[in-house]
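The values are calculated or read from the model by the stated rules, or taken from the named source; none is laboratory data. Keep in mind it's a predicted model, so treat the numbers as computed, not measured. Reconstructed Cβ throughout: ideal geometry from the backbone, glycine too, with neighbour counts over all protein chains shown.
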Amino acid sequence: MVGIVVVSHSADLARAAVDLALQMANGPAPRIEIAAGTADERLGTDAARVAQAIEAADDGEGVVVIMDLGSAILSAELALEFLPEPGIKTRLVPAAFVEGIFAAVISAAGGAQLDAVARDAEEALEAKAAQLDQAQLSQSQLPGDTVAPAISRPAIIAVTTVVNPDGIHARPAALIVQTLASFDAQVTIATDRSEPVSARSPTALMSLGARAGDVLRIEADGAGAATAVDRIVALIRDGFGELVRFGWPSSPDRAFDGRRPEPVEGPISDPIGVSPGRVVGPALRLPDPITEPDPTASLPEAERPAAVERLASAAADVADQLRGRVRAAGTVGELLAATAAIATDPELLADASMRVRERGLTPERAVWEAMEVAADSLREAGSRQALRVSDLYGVRNRIVALLTSRSAAGVPDPGYPFILLTVDLAPADAAELDPARCLAIVTEEGGPTSHTAIIARSLGIPAVVAARGATTIADGTVLLVDGSTGELITEPTIDQRATATTALRSRERLAGPGRTADGHHVALLANITAIEDVAAALECGAEGVGLYRTELCFMDRVTVPPIEDQVTAYRTVLSKFGGRRVVVRTLDAGSDKALPFLGHADEPNPALGVRGIRTAAAYPQLLHDQLKAIKEAAEAESAEVWVMAPMITTVAEVRSFSQAVREAGLPTIGIMIETPAAALQAEQVLTEVAFVSIGTNDLAQYAFAADRHSADLASLNDPWQPALLRLIEMVTSAAAASGKPVGVCGEAAADPLLALVLAGLGISSLSMTPAALAAVGRGLASVTLEDCRLAARAACDTDSPASARRIVAEMLRVP
Ligand code: PEP
Ligand code: MG
C-alpha cells in the first residue's frame, strides 16, 4: 500500500486527525507515520523527523505527505533532500489536513496507486465545499474523479433507499469504497438530485449529500459488476451497520434512564455507568448459549472409551485456547487464567468421564451435567462464589461446541461496530472483545466493581451494568449509552445522538503530570492488577503506580510462593518505574481473592472474614516474608517504593503493620482506608503512617453493607453516593491537618468527573486503570482547584448519587 506521512506542528493534532481517519476507515489501514512537534516536544516541525517518517512509511509503493501549515511545508520540502538515494517516490499534497488524511487513508487502503492517493487527498475538500455550496461549483464543474464518466451501457442497474439517518457520510462512504476495492467493476451512484459519481471516491460519495429516505441509483459494468452491486446494496440496506429500521427519526422516544421510572418494553431499572464514554450504535445481543445436549442419547459400551478420550482432548483444547489469549488480554488475563483452569479441573473431568463410562452419556451431555453439579455447589457456597457460575458456563459451552463441531457461542462479529447486550460477561467472552468494534457493553448483572466493569475500563470501552431487561432490546435497535451516568436511550433523537462523544481510547496518553488549570498537582497513577497493566501504564504515561496488587504473584498457586519468586515478580514491576513512586500493597487475600493454601474456601461470609491484613495475624510469616521480598526488590531497583496494608480496621493493626514494615527496613509506610472504622479513625491512623490510600470499592461495600459484586445492590455501591463522599471528606480533613498525602485507588478515581470531586475534597493522588488516565488528566486541566472544591461541596450536600452527578456535571462542564 501507499504510505502516508502526516506533518504537523502539534503531535496531539496529528494523532487526533489520524485516529479519526482510522476509526472511519473501518478496515486494514496503510502505514501512517506522524512527524509532529520538535525534538524537545514543543510545537513546530523538524525536517529530519519528516525524512525519517517518509522512510518508515514507504514499503516500495511511495508515500503521500500531508502537512498542516507554514513551516510544515518548508520542513517537508527540506526532508526530500535528506532522503537516501535512490529516492522514495514522494508526493507532497496541498490537501486540507483532516479531510486529506481521511481521503488518503481510504484511497491507499483500497489499493490505489501513488498519484491516485495524492489526487484523492487533494480533492478531499471539494465534497465539503459542494455540500456547503460555498465553492459555487456546479456538479458538472467538479474536477477529476468526482463526477464519474457515464457508463454508456451499464450491465447492472440497481435502485435502493438509504435507511441510516445520517446517510452517506464519511464512514459509509469509506465502507462502499473498501467493499469495491476487490472488484473489477466500474460503478457509479446517483441520487435523484445529482449526477452519478464514482463509487470509488469517498469524497465524491459524500458530495452526493444522500440522506435517509433518498433513493440511490447504482450503475455498474465490468466482470465483477453483479457481485459488487449486490454487496453495495446490502451495505446500504443494512444502514451501514448504523441502523436497521427505516423511519427511525420519527419513532417515539423511549428513554431507559434509571432516574426516570417510566421506561417501556423491558423493565430496566437503576442502570449504573461503570466505564466512561457516551456512544451511539446498534444493539447486538450475545448469542444464546449452546443448547442443552440430548439427555436420552446413549452410547454402546464399545464406543465409551473413545468418547472419554474425545472429552479430555476437547477440554484440553479449550484450556489451550483460553491460555493462548491470556497474553493478549491485558487485565482480563488474570481472570482468563482462572477460567482456563476450570477447563482442566481434574474433578470436573473425572465426573464427566464417569458419566460417559457408566451411564453411556454422550461426552457433551456428560460435560453439561458435570458442570451443572459444580455450578449448583458454587451457588450454594454464597454470592461471591456464585459469580463464577458464568465462567463455568462459558467453559462448558466451549467444550460442548467443540464436541459437537459447532462454532462456540461468544462475542459475535457482525462486521460493523455494535453495542453488546448481555446478561453478564464471562472473562472468556471479554477476551474476544475488540474495542474497535465493540462501542459499549450493557449487562443485566454486575456492579461497579464487577468483572465486567473492570474489563470494560481496562479496554477503554464504555459500559453500563445492572441494566435489567437490556437483553430484551431487539438486535439492531439504535442505543445511546452513557458509561458515566448509566443513561440508556433506545432510538435517540438526532439531538440526543449529537450529545454522544467517544469512548476512552485504551492507549491514549496522559498529556503530562496531573494538574488543574491553576497548577495544583494531583498525581495520576496506575493500578497494576495484571502484568500487562505495566506496559499499559507506561504507554499511557502514568506518573507512577498508586496500587500494585501483589495478589498477582500468589494467585493460581497451590503453595506460598518462595521469597525468591516474589522478589523476581516485584522487580519485574519496579524495574519499569525507575525514579517513580510505586505503592506496593501487601497481600489482600480472602473474600474475592481466596487463596487455597490459606484455607479460605470454607468461610461462610468471606467479605467479612479473614481477609486483607487479617491474614497477617493468622499467618505472620506470610507478611514477614513478603516484606523481606519487597525490601530486596526495592534495593535492587531504583523505583521509589511505598508499602501499604489492605483492609485495616483498628489502630492496633496499623501499629503492628508499621512495626513489621519498619523492621523490614522499608521507609515509606501507609495503609488503605477501606472500612468505615478506618475512615472514622483517620486522625489517629495518620499519626502512625506516612500516607493513606482510600479503597473506594471496599469502603462503599462496607459503608452500605452491600456486596460489591451484587447487581441487585449496584446502586448502593455507586461511588457517587453522598455518604461515601462524606466518609472520604473525613479522611481528607484529617490528612490536611496532618499534612500527609491521601490518595484514592478504588474505581472511583477512574471516573473523569468524580475524579474532580475527589481532587476538590483534597485527594492528592488518583490511581486508576491506565486506560482512564488521559481522560482524567484532561478533565483536571480544564478546571481550577476552587472549581473542584465547590463541586465537591455541592456533591457532598446532595441526597443521591444521581443528583450529585447531575449537579457536578452542570457546575464543571468538562470536555
Ligand atoms: C478498593 O477496595 O477500592 C481497592 C482498591 O482494593 P481492591 O479492589 O483490590 O479490593
Ligand atoms: Mg479493597
Task: Failed item, numbered, when Ile157 is tested on (1) over 28 Å from Pro282 (Cβ atoms); (2) part of a loop (DSSP other than H, G, I, E, B); (3) in contact with a strand residue (DSSP E or B) (Cβ under 7 Å, 6 or more places away or on another chain) - done: (2)
- [ ] Mind counting the residues in the stretch 622-651 that are in a loop (DSSP other than H, G, I, E, B) and within 16 Å of ligand 1 (Cβ to nearest atom)?
- [x] 4
TODO: Looking for whichever is modelled with pLDDT of 80 or more and in contact with a Phe, Trp or Tyr (Cβ under 7 Å, 6 or more places away or on another chain) here; the options are Leu180, Leu114, Leu175. Which one fits?
DONE: Leu175
TODO: Of the conditions (1) in contact (Cβ under 8 Å) with a residue 60 or more places away in the chain; (2) buried (at least 23 other Cβ atoms within 10 Å of the Cβ), Met647 clears all except one; give me its number.
DONE: (1)
Open item on the list: away from ligand 1 (no atom under 16 Å from the Cβ), touching a helix residue (DSSP H, G or I) at 6+ places or on another chain (Cβ under 8 Å) and either of a type in the set (A, V, I, L, M, F, W, C) or at pLDDT 95 or above (or both): is that true of Gln659 in this structure?
Closed with: no
- [ ] Could you please find all residues in the stretch 682-694 being within 15 Å of ligand 1 (Cβ to nearest atom) and touching a Lys or Arg at 6+ places or on another chain (Cβ under 9 Å)?
- [x] Phe691, Val692, Ser693
TODO: Kindly provide the set of residues from the stretch 281-309 that are among the β-branched types (Val, Ile, Thr) and in contact with a Pro (Cβ under 6 Å, 6 or more places away or on another chain), ordered by number.
DONE: none
- [ ] Please verify whether the stretch 241-253 includes one or more residues that are in contact with a Leu (Cβ under 9 Å, 6 or more places away or on another chain), over 28 Å from Arg468 (Cβ atoms), at pLDDT below 80 and of a type outside the set (A, V, I, L, M).
- [x] no
TODO: Report the residue count in the stretch 518-540 for those that are at pLDDT below 95 and surrounded by fewer than 20 Cβ atoms within 10 Å (Cβ to Cβ).
DONE: 4
- [ ] Scan the stretch 747-776 for residues that are within 17 Å of the chain's Cα centre (by Cα) and away from ligand 2 (no atom under 16 Å from the Cβ) and jot them down.
- [x] Asp751, Pro752, Pro770, Ala771, Ala772, Leu773, Ala774, Ala775, Val776
Task: Filter result (modelled with pLDDT of 70 or more and either in contact with a strand residue (DSSP E or B) (Cβ under 7 Å, 6 or more places away or on another chain) or not in a helix (DSSP H, G or I) (or both)) within the stretch 327-354 - done: Thr344, Asp345
- [ ] Give Ser738, Ser715, Ser764 a once-over and let me know the one that is in contact with a strand residue (DSSP E or B) (Cβ under 8 Å, 6 or more places away or on another chain), over 23 Å from Pro462 (Cα atoms) and more than 16 Å from ligand 1 (Cβ to nearest atom).
- [x] Ser764
Task: Qualifying positions in the stretch 788-815 - in contact (Cβ under 8 Å) with a residue 60 or more places away in the chain and over 27 Å from Leu716 (Cα atoms) - done: none
Open item on the list: Please count how many residues of the stretch 105-124 are polar (S, T, N, Q) and assigned to a helix (DSSP H, G or I).
Closed with: 1
Open item on the list: Could you go through the stretch 565-579 and let me know if any residue there is within 22 Å of Asp707 (Cβ to Cβ), touching a helix residue (DSSP H, G or I) at 6+ places or on another chain (Cβ under 7 Å), modelled with pLDDT of 85 or more and among the basic types (Lys, Arg).
Closed with: no
Task: Unmet criterion (only one of (1) touching an Asp or Glu at 6+ places or on another chain (Cβ under 8 Å); (2) touching a residue at least 60 places away in the same chain (Cβ under 8 Å)) for Arg655 - done: (2)
Open item on the list: Within the stretch 602-616, does at least one residue satisfy the condition of being within 13 Å of ligand 2 (Cβ to nearest atom), touching a strand residue (DSSP E or B) at 6+ places or on another chain (Cβ under 6 Å) and basic (Lys, Arg)?
Closed with: yes
Open item on the list: Can you tell me how many residues within the stretch 669-681 are surrounded by 17 or more Cβ atoms within 10 Å (Cβ to Cβ), more than 16 Å from ligand 1 (Cβ to nearest atom) and either closer than 16 Å to Val583 by Cβ or among the aliphatic types (A, V, I, L, M) (or both)?
Closed with: 1
- [ ] Looking only at the stretch 531-565, count how many residues are within 16 Å of ligand 2 (Cβ to nearest atom) and not β-branched (Val, Ile, Thr).
- [x] 8
Open item on the list: So Thr550 ticks every box in (1) in contact (Cβ under 8 Å) with a residue 60 or more places away in the chain; (2) closer than 28 Å to Leu785 by Cα but one. Which box is left unticked?
Closed with: (2)
Open item on the list: Just to be sure before I move on: is Thr449 under 19 Å from Pro770 (Cβ atoms) and either at pLDDT 80 or above or outside the structural domain of Ala781 (by TED's automatic domain parsing) (or both) in the structure I sent?
Closed with: yes
Open item on the list: Just checking, does the stretch 789-800 include any residue being in contact with a Ser or Thr (Cβ under 8 Å, 6 or more places away or on another chain) and farther than 21 Å from Pro741 by Cβ?
Closed with: no
Open item on the list: Pairs needed: first member in the stretch 597-625, farther than 16 Å from Ser656 by Cβ and of a type outside the set (D, E, K, R); second member anywhere, modelled with pLDDT of 90 or more and within 16 Å of ligand 2 (Cβ to nearest atom); C-beta distance under 7 Å; at least 6 residues apart or different chains.
Closed with: Ala607/Gln701
Task: Filter result for Asp294 (more than 22 Å from Asp475 (Cα to Cα), part of a helix (DSSP H, G or I) and either of a type in the set (D, E, K, R) or modelled with pLDDT under 50 (or both)) - done: no
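To keep it simple, each residue is scored yes or no on (1) within 22 Å of Arg200 (Cβ to Cβ); (2) in contact with a strand residue (DSSP E or B) (Cβ under 9 Å, 6 or more places away or on another chain); (3) outside the structural domain of Gln113 (by TED's automatic domain parsing).
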| position | (1), (2), (3) |
| --- | --- |
| Gly3 | yes, yes, no |
| Ala17 | no, yes, no |
| Gln23 | yes, no, no |
| Arg31 | yes, yes, no |
| Ile34 | no, yes, no |
| Asp46 | no, yes, no |
| Val65 | no, yes, no |
| Asp68 | no, yes, no |
Open item on the list: Looking at the stretch 525-583 only, could you name the residues that are over 21 Å from Pro667 (Cα atoms), more than 23 Å from the chain's Cα centre (by Cα) and in a loop (DSSP other than H, G, I, E, B)?
Closed with: Phe554, Met555, Asp556, Arg557, Val558, Thr559, Val560, Pro561, Pro562
